[in-house]
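The values are calculated or read from the model by the stated rules, or taken from the named source; none is laboratory data. Only a predicted model underlies this, so the values are computations on that prediction, with no experimental measurement involved. Don't worry about glycine lacking a Cβ; one is built from the backbone with ideal geometry, like all the others, and counts go over all protein chains shown.
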Amino acid sequence: MSEIKLAKLFDLESQESDGSPSLMSQTLPREPQPTSGDNDDGDGGRIPVEEWLPITESRKGNLYTATFHLVCSGLGFQVLFLPAAFAAVGWLLGTIVLTVGFAWKLYTIWLLVNLHEAVQGIRFSRYLRLVIASFGVKLGKLLGIFPVMYLSGGACAMLVIIGGKTVNQLLHIMSGDDTEPLTTVQCFLIFSILAMVMSQFPNMNSLFGLSLVGSVMAVAYSTAVWTLPLANERNHQNNVSYTTKDTSFENIINAIGMIAIAFRGNNLVLEIQGTLPSDPNNPSSKTMWRAVVISHVIIAICMFLVATVVYWAYGDKIPTTGGQIGNYLSLYEQGYSKQAACFIHITFIFYCLCSYPIYLMPSCDNAEMLYTTKTQKPCSFLVRMMLRVLLGSVGFFIAVGFSFLTYLAVLIGAVGLLVTSTYPCFMWVSLKNPQRKSLMWLLNVSVGSLGVSLSVLLVVGSALHLADTGLHANFFKP
């Protein structure tokens with residue numbers, strides 16, 4: 001695809017009336033809009049409306065802000081599913097899948113980092129825009145809207161469910177009896193209100209403080225989860241077994257899915273890179289890749305230690321359902337002090353609160369994009385606040401109405417997995433246009449096709465697993 005065609009196709013954020021950036025817009029402007037002439041950040045080629053939107057409003061990020069954004073978005077609560085996955089598939093297969101999955105994630109991030117400025121003067125600061133530019137408007141929207149929006153809004157709803165239930169568990173531990181100081185819905189509401197307040201930061205770059213706290217909290221609870229078993233000398237006096245009890249196809253595929261969904265955050269790589277300044281002499285890809293390497297060293301240490309040490313300590317005693325955090329953190333309540341259990345829960349809650357605004361930001365950005373193109377002016381503080389409260393309220397409503405979504409994480413996450421494992425490969429082929437049957441062409445087509453196959457297998461395996469174990473779908477009864 002030529003640079004001129006790509007420039008025209010990417011110009012979806014034009015302020016012309018016939019070039020609405022709405023996700024559902026079917027029209028493109030005939031000619032590209034002039035770019036902003038304000039290059040004080042060393043960032044050429046900015047589309048004027050981008051200066052009003054939260055993701056690209058500030059281009060003053062640096063290595064440290066990008067690193068903490070990546071850690072906070074990449075080291076999620078799904079890391080706690082890894083010991084359960086190891087309990088289902090055993091040492092060998094678990095280690096292989098975790099290692100291959102991590103290498104796969106790093107490769108697709110490298111692709112995204114280098115696709116961010118695939119055309120000189122144009123920056124793809126939103127994942128969905130890159131999908132549309134790669135596959136065309138109609139196919140791009142068909143393939144991209146649901147998984148990308150699910151990974152934004154859906155992740156926030158999941159954080160409300162997980163975070164709210166963890167608040168409930170914490171209150172139960174602190175009370176010391178069987179009474180519940182607050183109901184689950186009340187805990188959801190408290191978590192949502194706090195998360196909506198923390199989402200009022202104006203743009204992605206201003207979330208650096210939250211990402212810093214969230215990263216520290218994620219490393220803290222991950223470290224506590226794997227160090228406490230090492231401190232307990234009674235682990236191997238409890239006849240721990242590493243024998244895989246259920247070797248059925250659906251159980252193994254479901255466990256592989258739990259490992260796969262732990263590799264999250266690719267949908268935010270372009271948005272995070274969009275906060276960095278860029279110029280021909282110092283492109284953003286250099287700083288971003290350094291941030292990726294540093295952040296993923298931290299993520300790898302936490303993921304591998306949580307998976308292997310917790311499985312070593314508890315073996316087949318870990319529930320293999322991959323359900324709520326309390327499924328195996330309840331082991332700590334039995335074997336450790338109340339203070340240790342409270343520490344894990346508190347750090348986990350703080351992490352969920354800090355990561356919520358980061359995952360909500362793409363939805364906020366799209367909502368503000370719709371507003372700015374309709375009104376031809378930036379959002380005021382009041383409008384921006386109302387939009388974020390509205391989006392947060394929708395997440396709360398989904399969490400209360402569909403609180404069983406965590407048990408569908410593998411099934412729904414298989415669709416979102418395409419964003420991490422598949423789309424970057426085919427987008428590279430589309431935009432970079434490598435020679436057919438060259439090494440890069442063969443590698444990306446093979447890896448992308450394997451990603452599609454894996455996603456289909458996860459959907460089938462998870463559906464069979466749910467059919468076998470059943471699902472208690474209590475609507476509006478969390």
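Here are some notes:
- Residues of segment 197-213 that are in contact (Cβ under 8 Å) with a residue 24 or more places away in the chain, of a type in the set (A, V, I, L, M) and in a helix (DSSP H, G or I): Met198, Leu207, Leu210, Leu212, Val213.
- Residue count, segment 60-107 (criterion: within 15 Å of Phe263 (Cβ to Cβ) and not in a helix (DSSP H, G or I)): 2
- Whichever residue in segment 226-240 is loosely packed, with under 11 Cβ neighbours inside 10 Å and outside any helix (DSSP H, G or I) and, among such residues, is modelled with the highest pLDDT: Asn239
- If the condition is being assigned to a helix (DSSP H, G or I) and of a type in the set (A, V, I, L, M, F, W, C), then segment 255-273 contributes Ala255, Ile256, Met258, Ile259, Ala260, Leu268, Val269, Leu270, Ile272.
- Filtering Thr244, Thr223 for residues that are modelled with pLDDT under 85, hydroxyl-bearing (Ser, Thr, Tyr) and either assigned to a helix (DSSP H, G or I) or farther than 27 Å from Met427 by Cβ (or both) leaves a single hit, Thr244.
- Only a single item in (1) within 23 Å of the chain's Cα centre (by Cα); (2) surrounded by fewer than 19 Cβ atoms within 10 Å (Cβ to Cβ); (3) outside any helix (DSSP H, G or I); (4) of a type in the set (A, V, I, L, M) is not met by Leu276, and it is number (2).
- Taking the listed residues Leu464, Leu417, the one that is crowded, with 23+ Cβ neighbours inside 10 Å and touching a residue at least 24 places away in the same chain (Cβ under 8 Å) is Leu417, with no other qualifying.
- Residues in segment 69-93 that are at pLDDT 90 or above and farther than 29 Å from Cys156 by Cβ: Trp91, Leu92, Leu93.
- Residue in segment 158-196 that is modelled with the highest pLDDT, counting only those that are polar (S, T, N, Q) and outside any helix (DSSP H, G or I): Thr183
- Test result for Ile193, within 30 Å of Ser58 (Cβ to Cβ) and surrounded by fewer than 18 Cβ atoms within 10 Å (Cβ to Cβ): yes
- Test: residue in segment 377-398 that is within 30 Å of Ala255 (Cβ to Cβ), buried (at least 23 other Cβ atoms within 10 Å of the Cβ) and hydrophobic (A, V, I, L, M, F, W, C): no
- Residue match in segment 114-127 (condition: assigned to a helix (DSSP H, G or I) and touching a Lys or Arg at 6+ places or on another chain (Cβ under 9 Å)): yes
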